[in-house]
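Asker: Can you keep this structure in mind? I'll have questions shortly.
The values are calculated or read from the model by the stated rules, or taken from the named source; none is laboratory data. As the structure is a prediction and not an experimental result, all values here were calculated from the model. When we count neighbours, we look across all protein chains shown, and the Cβ atoms used for this are built from the backbone with ideal geometry, even at glycine. When the accessible area is computed, the model is the full protein with side chains, heavy atoms only, and any ligands, DNA or RNA have been set aside. Shrake-Rupley method; radii C 1.70, N 1.55, O 1.52, S 1.80 Å.
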Amino acid sequence: MNRTTHPPSSIQIAKEVFQIQAKALAATAERLNGVFDQAVTLILGTTGRVIVSGMGKSGIIGNKLAATLASTGTPSFAVHPAEAYHGDLGMFTADDVAILISYSGETEEVIRLIPSLRHFGVKIIALVGKAQSTLGRNADLVLDIAVEREACPNNLAPTTSTTVTLAMGDALAVALIKRRDFKPQDFAVFHPGGNLGRRLLTRIKDVMHTNLPLCAPTDSLREVIMTITQAGLGVGVVVENGELSGVITDGDLRRALFNHDRLDGLTARDVMTRSPLTVTETEMFAEAENSMLKANVTALLVVNAQGALTGILKLQDASLLK
């Protein structure tokens, strides 16, 4: 009886690619040693720029690495190795650090840069798959990006190796962010445009709601619900003698429903949450958004420098910045 064999499905092939690459990333993480920390320290200590260079797929990864470094506080740019040899070497100075990427460590265009970089006094960090290659032997520091095999079925197309190279570059960038104590407001300086820039540069007072759903402590639950409904913010703010007393959320109303057999006679004071979370109106929106996510709340009360209530910030207000 003849049996027809079916090729593996595209989904199964994709899963195998993920598994191969995940295994390679885990192995690379296990091999990390003090050289990685030395590379981070070298970059931190340079008074010049980080100049990244690679050929082909490595060059594409290098472009991304340079862009990530530049946007997170490390002056950096990418140079095509062939163009460098035809004039762009003038971009290098003795104060710079070069990151050269070549999986084989024998890429001709990259190797040809080494004598000139040595002449200029540029320190070299190599991302290579073979430490004993020409590039590996002539670098000041070597970061190992070796992989067992490519995800390509012919073990030819750079797939797993480029993923590991990309991850190594990201690891350098993130380590530098941590070492520099690079804050969201610092990040915003390099990303003033688009949604990201707006989120990082916007202050709470720029987007908060000022039409406040105010309730008195003696308001009945019916009055509270009417106030919350009319405002459309999902919360009611309890104020007594001009002072903030508490907040009433949908969750507070549900708890009142479960905890009391009768709702007649209950007032705002009976169901409100005392000492609600507040933020000052001059804080950055991105910080307040993180606070809401950590506290698992959808709204914060906004106060001014004197502690007076001035607005309400909703988590959904992030959509206004898109």
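Asker: If you take the residues of the range 310-322 that are hydrophobic (A, V, I, L, M, F, W, C) and modelled with pLDDT of 75 or more, which of them is surrounded by the fewest Cβ atoms within 10 Å (Cβ to Cβ)?
Answerer: Restricting attention to the range 310-322, the residues satisfying the condition of being hydrophobic (A, V, I, L, M, F, W, C) are 312-313, 315, 318, 320-321.
Remaining after also requiring modelled with pLDDT of 75 or more: 312-313, 315.
Numbers: ILE312: 22, LEU313: 26, LEU315: 15.
Going through the qualifying residues, I end up with LEU315.
Asker: Confirm whether VAL271 is closer than 19 Å to LEU221 by Cβ and in contact (Cβ under 8 Å) with a residue 12 or more places away in the chain.
Answerer: yes
Asker: Let me ask something else. Suppose the filter is open to solvent by 80 Å² or more (accessible area, probe 1.4 Å), of a type in the set (A, V, I, L, M, F, W, C) and in contact with a Gly (Cβ under 9 Å, 6 or more places away or on another chain); does LEU214 pass it? Break it down into steps so the answer makes sense when it comes.
Answerer: Values: open to solvent by 80 Å² or more (accessible area, probe 1.4 Å): yes; of a type in the set (A, V, I, L, M, F, W, C): yes; in contact with a Gly (Cβ under 9 Å, 6 or more places away or on another chain): yes.
In short, yes.
Asker: Still on this structure: Answer yes if at least one residue in the range 297-309 is hydrophobic (A, V, I, L, M, F, W, C), assigned to a helix (DSSP H, G or I) and open to solvent by 20 Å² or more (accessible area, probe 1.4 Å), and no otherwise.
Answerer: Taking every residue of the range 297-309 in turn, none turns out to be hydrophobic (A, V, I, L, M, F, W, C), assigned to a helix (DSSP H, G or I) and open to solvent by 20 Å² or more (accessible area, probe 1.4 Å).
Asker: Please go through the range 233-248 and give me each residue that is more than 16 Å from SER275 (Cβ to Cβ) and open to solvent by 60 Å² or more (accessible area, probe 1.4 Å), ordered by number.
Answerer: ASN241, GLY242
Asker: Would you confirm whether any residue within the range 263-271 is assigned to a helix (DSSP H, G or I), open to solvent by less than 70 Å² (accessible area, probe 1.4 Å), modelled with pLDDT of 85 or more and in contact with a Cys (Cβ under 9 Å, 6 or more places away or on another chain)? It would help to see each step written out before you state the result.
Answerer: Step one: of the range 263-271, the residues assigned to a helix (DSSP H, G or I) are 268-271.
Remaining after also requiring open to solvent by less than 70 Å² (accessible area, probe 1.4 Å): 268, 271.
Next, from what is left, pick out any that are modelled with pLDDT of 85 or more: 268, 271.
When the remaining residues are screened for being in contact with a Cys (Cβ under 9 Å, 6 or more places away or on another chain), the result is 268.
Within the range 263-271, one or more residues are assigned to a helix (DSSP H, G or I), open to solvent by less than 70 Å² (accessible area, probe 1.4 Å), modelled with pLDDT of 85 or more and in contact with a Cys (Cβ under 9 Å, 6 or more places away or on another chain).
Asker: Something else: Condition first: in a strand (DSSP E or B), at pLDDT below 85, of a type outside the set (Lys, Arg) and open to solvent by less than 60 Å² (accessible area, probe 1.4 Å). Can you find one or more residues in the range 273-286 that meet it? Don't jump to the end; show me each part of the working.
Answerer: We begin by selecting, within the range 273-286, every residue in a strand (DSSP E or B); these are 273-274, 278-280, 284.
Among the residues that remain, those that are also at pLDDT below 85 are: 284.
Within this subset, residues satisfying the condition of being of a type outside the set (Lys, Arg) are 284.
After this cut, where a residue has to be open to solvent by less than 60 Å² (accessible area, probe 1.4 Å) as well, the list is 284.
So far as the range 273-286 goes, yes, one or more of its residues are in a strand (DSSP E or B), at pLDDT below 85, of a type outside the set (Lys, Arg) and open to solvent by less than 60 Å² (accessible area, probe 1.4 Å).
Asker: Could you check, for the range 132-145, whether at least one of its residues is small (Gly, Ala, Ser) and modelled with pLDDT under 95?
Answerer: No, there is no match, as no residue in the range 132-145 is small (Gly, Ala, Ser) and modelled with pLDDT under 95.
Asker: Just for the range 310-322: of the residues that are touching a residue at least 60 places away in the same chain (Cβ under 8 Å) and part of a helix (DSSP H, G or I), which one is farthest from ARG254 (Cα to Cα)?
Answerer: If we take residues in the range 310-322 being touching a residue at least 60 places away in the same chain (Cβ under 8 Å) and part of a helix (DSSP H, G or I), then LEU321 is farthest from ARG254 (Cα to Cα).
Asker: Among (1) closer than 24 Å to ARG180 by Cα; (2) open to solvent by less than 60 Å² (accessible area, probe 1.4 Å); (3) not acidic (Asp, Glu), where does ARG49 come up short?
Answerer: Going through (1) closer than 24 Å to ARG180 by Cα; (2) open to solvent by less than 60 Å² (accessible area, probe 1.4 Å); (3) not acidic (Asp, Glu) one by one, ARG49 breaks only (2).
Table: residues versus (1) assigned to a helix (DSSP H, G or I); (2) loosely packed, with under 12 Cβ neighbours inside 10 Å.
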{"site": "HIS6", "(1), (2)": "no, yes"}
{"site": "ILE11", "(1), (2)": "yes, yes"}
{"site": "LYS23", "(1), (2)": "yes, no"}
{"site": "PHE36", "(1), (2)": "yes, no"}
{"site": "VAL40", "(1), (2)": "yes, no"}
{"site": "ILE43", "(1), (2)": "yes, no"}
{"site": "ILE60", "(1), (2)": "yes, no"}
{"site": "ALA66", "(1), (2)": "yes, no"}
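Asker: Please tell me if ALA256 is touching a Leu at 6+ places or on another chain (Cβ under 8 Å), assigned to a helix (DSSP H, G or I) and touching a residue at least 60 places away in the same chain (Cβ under 8 Å).
Answerer: So ALA256 fails the test.
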